[in-house]
Structures are given as structure tokens and as C-alpha cells.
Amino acid sequence: MTATSTNGSAAAPAGRLLTVEHLVKTFALRGQLFSGSTGTVQAVSDVSFHVDRNETLSLVGESGCGKSTTARCVLRILEPDSGSIVFDGVDVTALPAKELRRARRRFQMVFQDPQASLNPRMTVAELLAEPLQVHGILRGSERSRVAE
């Protein structure tokens, strides 16, 4: 897996937005019924990267190399086995569930396949409003911004 980042602006504010260090995630392999676990597979092994403010990061690699697992660990959709994830100065790995939900308002994953992530039956306004509704932050002023 390769991480590529680009600076979005020469006048970007200084500061690190995301730091991931020594991220590790393993999964148990399962055998036949009643045979229990038959070992583990290491999906992510010692991954480290950082993203500064106004940068974009791309994780690039072959199918099965751990890109999606890395992203899911960063968002704590999956719990990493070890490593540190610091987003805007906050250790994401130490956040309790309620604070994690609040923090997730500030970061999201963009999937590769827009056909799978964008519902063609929804309008653009509905697609933009959906995450705001999920996080309970769609009020009058946000409705007008979505309409723009």
C-alpha cells in the first residue's frame, strides 16, 4: 500500500490534522463448524502516515492490501489491535462511544465506487442533507446551505 498526499493550498494553516502511527489490525481465520479459530491474518501491519491541514491523502495499492481496513480503523469502524490515531490533537483510540460519535461529524470516508455510495434515487440535496440528519445537525440554516 502506498500513501500519497497533496497540499491543497500554499497558504494552508500550519498543523497536523491526522497522525496515524504503527497501526496494526489482525482478523481471526475461522475453520469449519465447531472447529473454532484456525489462526489469524494480519490485514494491516505497522502503517504510519500523516495528513496536514488542507491536504488530501490517497491510499493506493492492490486489492486486499489493507486500504479499506486502514480507513475503517482510522474512523474506528473497526478497532485496531495497536497503534495510535490522533485527529486534530485528539487521540481517537481513547474516545468513548458518545465522544466518538461527536468526533465522526468531522471526518468521513469517501468510497471508490460512487455507484455503491451514492443512491441514484436521491437528489443531490438529499445526498448532502443525509449525513447532517444522521448526526442531528440539520437545522434551518443548514437546510438553506444544502439548497444552495
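Scan region 128-145 and tell me whether some residue there is touching a Leu at 6+ places or on another chain (Cβ under 8 Å), modelled with pLDDT of 80 or more and surrounded by 14 or more Cβ atoms within 10 Å (Cβ to Cβ). Within region 128-145, one or more residues are touching a Leu at 6+ places or on another chain (Cβ under 8 Å), modelled with pLDDT of 80 or more and surrounded by 14 or more Cβ atoms within 10 Å (Cβ to Cβ). Restricting region 47-97 to residues that are more than 19 Å from residue 110 (Cβ to Cβ) and β-branched (Val, Ile, Thr), the residue that is surrounded by the fewest Cβ atoms within 10 Å (Cβ to Cβ) is 90.
Residue by residue, here is whether (1) closer than 30 Å to residue 138 by Cα; (2) modelled with pLDDT of 95 or more; (3) of a type in the set (Gly, Ala, Ser); (4) out of contact with any strand residue (DSSP E or B) (no Cβ under 9 Å at 6 or more places or on another chain) holds:
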site	(1), (2), (3), (4)
26	no, yes, no, no
34	no, no, no, yes
60	no, no, no, no
63	no, no, yes, yes
67	no, no, no, no
104	yes, no, no, yes
107	yes, no, no, no
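Is it the case that region 2-15 has a residue that's surrounded by fewer than 14 Cβ atoms within 10 Å (Cβ to Cβ), under 17 Å from the mean Cα position of the chain (by Cα) and at pLDDT 95 or above? No, region 2-15 contains no residue that is surrounded by fewer than 14 Cβ atoms within 10 Å (Cβ to Cβ), under 17 Å from the mean Cα position of the chain (by Cα) and at pLDDT 95 or above. On the basis of being in contact with a strand residue (DSSP E or B) (Cβ under 7 Å, 6 or more places away or on another chain), modelled with pLDDT under 90 and closer than 16 Å to residue 22 by Cα, does residue 78 make the cut? Against the criterion (in contact with a strand residue (DSSP E or B) (Cβ under 7 Å, 6 or more places away or on another chain), modelled with pLDDT under 90 and closer than 16 Å to residue 22 by Cα), residue 78 does not qualify.
For residue 41, the test of being closer than 26 Å to residue 137 by Cβ, of a type in the set (A, V, I, L, M, F, W, C) and modelled with pLDDT of 90 or more is failed.
The values are calculated or read from the model by the stated rules, or taken from the named source; none is laboratory data. In this text, all values refer to a predicted model and were calculated from it rather than measured experimentally. Reconstructed Cβ throughout: ideal geometry from the backbone, glycine too, with neighbour counts over all protein chains shown.
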